[in-house]
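Below is one structure, written out as structure tokens; comments come after it.
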Amino acid sequence: MGEAPGKIVLDTGIVAERDFTAEHAPRQAGSGWPIECLGSAVLPSQAQDLRDHFQKAGVPTDVTGEGRPVYRDKQHRERALKCRGLHDNLSFN
């Protein structure tokens, strides 16, 4: 696996340096939401069907044109996955 480099030189000659301080800075609670979920996405042709499914299940959820559900927060994500019979084993619940 190895370590990520501290700096890289792009083809354009620009030097990009790694920001170690930003990598270890504390994150604000709740940051990162909303998220577009690729793992529970459907085909673009099925996006409207998924929107309808969420609406009928009482969990209104935006779905992008690419078929990715947009979860507003952790609780919304859990409810939306549950109404589809899905569970994320890596959600650390």
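We did not get these values from a lab; they are worked out from the coordinates using the rules stated. These figures come from a predicted structure and were not determined experimentally. FYI the Cβ positions are ideal-geometry reconstructions off the backbone, even for glycines, and counts take in every protein chain you see.
Could you give each residue of region 37-53 its phi-based ³J(HN,Hα) in whole Hz, using Karplus coefficients 6.51, -1.76, 1.60 with θ = phi - 60°, and x for Gly or Pro? Taking θ as phi minus 60°, the curve returns 9, 6, x, 10, 6, 10, 5, x, 5, 9, 4, 5, 4, 5, 4, 4, 4 Hz for region 37-53. Sorting SER40, SER45 from the fewest to the most surrounding beta carbons within 10 angstrom yields SER45, SER40. Computed on the chain, with alpha-carbon pairs under 8 angstrom and 6+ residues apart, the relative contact order is 22 percent. Computed 3J(HN,Hα) for region 59-71, one whole-Hz value per residue from the Karplus formula 6.51 cos²θ - 1.76 cosθ + 1.60 where θ = phi - 60°, is 10, x, 9, 6, 10, 5, x, 7, x, 8, x, 10, 8, glycine and proline marked x. Label separation (SER31 vs VAL9): 3.3 nm, computed from points 7 Å beyond Cα along the C-beta direction.
Shape analysis of the chain based on the Cα gyration tensor places the equivalent ellipsoid semi-axes at 35, 18, 12 Å, largest first.
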